[in-house]
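The values are calculated or read from the model by the stated rules, or taken from the named source; none is laboratory data. Note that the coordinates shown come from a computational prediction; the quantities given were computed from them, not determined experimentally. Here the Cβ positions follow ideal geometry from the backbone for every residue, glycine too, while neighbour counts run over all protein chains shown.
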Amino acid sequence: MQFKKSVTNAEKILLVAHKNPDGDTIGSATALFEIFQSFGKRCQIFCVDDFPADFGFLPHTENVLRDFQPCAFDLVVVVDCGAPHMTGVDNFLSSCKTPVLNIDHHASNESFGTFNLVDSVAASATLLITELLRFLQVKISPTVATCLLCGICTDTGSFCHSNTDPRTLRAAGFLMRCGADLQSISKNIFRTHSLGKLKLWGRVLSRAEKNSQGFVVSSVFQKDLQETGSNSAELSGVIDFLNSVPDSDFSLLLTENEGKVKASFRTMKQEVDVAMLASRFGGGGHKKAAGFSTPGRLVKEVRWKIVQE
């Protein structure tokens with residue numbers, strides 16, 4: 001198998017997580033780091049952004065590279081990235097002489113790797129890695145199982161999203177049998193919130209509006225992050241609250257941060273494809289969860305009209 005051969009031949013492996021890292025890319029990277037180390041490989045995790053503190057209970061999250069020497073590795077593994085630009089090192093990937101293994105579950109994935117393990121039906125990249133390790137009969141420790149289950153839990157919204165299917169639950173059950181600590185995942189990711197995060201979510205929810213086009217929209221300004229003492233990573237999950245408004249077609253959260261505006265879409269309607277919407281602005285993702293990023297800042301527009309009664 002190409003994956004097994006490429007790993008066997010490699011001595012130094014670079015694991016690349018995507019920008020604004022979430023539980024799936026973090027769980028994938030940390031699980032593979034642990035596995036590769038057990039194989040006697042030297043490996044390192046790279047991400048252009050810091051891992052959120054919420055994931056500090058997972059191993060190897062404290063020593064993530066923010067820069068690296070391209071020639072220092074003989075295998076690059078990119079996890080949960082639908083396109084090279086999501087890594088922040090797309091120029092490196094496009095000119096890379098080193099073999100690149102692309103493990104992902106986004107329908108918009110461009111198959112940019114030397115080897116591509118891409119399945120858009122899978123709930124998460126960690127699900128694919130779980131199945132791969134089982135196929136290769138690799139022993140999964142409780143630590144690795146927790147990393148992988150963390151990715152599945154976050155990408156399925158704690159098994160509440162529509163991507164939770166029998167395949168997903170079988171993988172989760174297998175990881176639990178391997179010793180995954182579901183309680184730690186639940187406590188650290190879903191039940192622990194800083195005061196700054198709660199204040200930030202309060203601002204998002206207070207600005208939520210359902211517009212005339214039938215979708216719910218809210219916004220976050222740079223000053224909101226500064227005034228609440230929070231960061232953009234702490235917005236993870238709030239859009240699911242926006243998406244809970246009945247009779248809306250989809251939800252949209254616009255976040256202003258460091259000269260860019262990030263747009264996040266969510267929908268629960270089968271007939272709505274938010275990945276298609278995001279693609280019009282150079283983004284992508286899944287049919288029910290997608291987004292894009294563009295340079296700029298947010299400016300609120302107020303309109304008035306006179307109604308005769």
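Residues are listed down the side, and each one gets a yes or a no for (1) in a loop (DSSP other than H, G, I, E, B); (2) in the same structural domain as Val220 (by TED's automatic domain parsing); (3) among the aromatic types (Phe, Trp, Tyr):
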position: Ile239; (1), (2), (3): no, yes, no
position: Ser248; (1), (2), (3): yes, yes, no
position: Thr255; (1), (2), (3): no, yes, no
position: Phe265; (1), (2), (3): no, yes, yes
position: Glu271; (1), (2), (3): yes, yes, no
position: Ala275; (1), (2), (3): no, yes, no
position: Val302; (1), (2), (3): yes, no, no
position: Lys305; (1), (2), (3): yes, no, no
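Would you confirm, using the coordinates I've provided, whether Asp90 is surrounded by fewer than 16 Cβ atoms within 10 Å (Cβ to Cβ) and assigned by TED's automatic domain parsing to the domain that holds Ala180?
Details: surrounded by fewer than 16 Cβ atoms within 10 Å (Cβ to Cβ): yes; assigned by TED's automatic domain parsing to the domain that holds Ala180: yes.
It is true that Asp90 is surrounded by fewer than 16 Cβ atoms within 10 Å (Cβ to Cβ) and assigned by TED's automatic domain parsing to the domain that holds Ala180.
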**Study point:** Residues of segment 221-237 classified as in a helix (DSSP H, G or I) and either surrounded by fewer than 17 Cβ atoms within 10 Å (Cβ to Cβ) or more than 19 Å from the chain's Cα centre (by Cα) (or both), total
**Key:** 7
Revision key, fill the gap. Okay, helices (runs of 4 or more DSSP H) sitting entirely in segment 151-220 with 3 or more residues that are in the same structural domain as Gln270 (by TED's automatic domain parsing) and in contact with a helix residue (DSSP H, G or I) (Cβ under 6 Å, 6 or more places away or on another chain), I get 195-206
Exercise for review: Answer yes or no: is there a residue in segment 129-147 that is touching a His at 6+ places or on another chain (Cβ under 7 Å), in the same structural domain as Ala31 (by TED's automatic domain parsing) and touching a residue at least 60 places away in the same chain (Cβ under 8 Å).
Suggested key: no
Review point. For segment 1-119, which fully contained strands (runs of 3 or more DSSP E) count at least 3 residues that are in contact (Cβ under 8 Å) with a residue 40 or more places away in the chain and closer than 28 Å to Ala290 by Cα?
Key: 12-16, 75-79
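Can you go through Glu258, Glu301, Glu271 and tell me which one is of a type in the set (Asp, Glu) and on the phi > 0 side of the Ramachandran plot?
Details: Glu301 fails: on the phi > 0 side of the Ramachandran plot; Glu271 fails: on the phi > 0 side of the Ramachandran plot.
Going through Glu258, Glu301, Glu271 in turn, the sole match is Glu258.
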Check your understanding: Conditions: (1) within 24 Å of the chain's Cα centre (by Cα); (2) more than 20 Å from Asp247 (Cα to Cα). Lys300 meets all but one. Number of the miss?
Key -> (1)
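How many residues are part of a strand (DSSP E or B) and modelled with pLDDT of 90 or more when one looks only at segment 277-292?
Of the residues in segment 277-292, the ones part of a strand (DSSP E or B) are 284-285, 289-292.
Checking the rest, the ones that are also modelled with pLDDT of 90 or more come to 289-292.
So the answer is 4.
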Revision key, fill the gap. Per the filter on segment 260-276, residues modelled with pLDDT of 90 or more and not aliphatic (A, V, I, L, M) are Lys260, Lys262, Ser264, Phe265, Arg266, Thr267, Lys269, Glu271, Asp273
Practice item. Go over the candidates Phe46, Phe51, Phe33 one by one and state the one that is at pLDDT 95 or above, of a type in the set (Phe, Trp, Tyr), out of contact with any His (no Cβ under 6 Å at 6 or more places or on another chain) and surrounded by 19 or more Cβ atoms within 10 Å (Cβ to Cβ). Key: Phe46
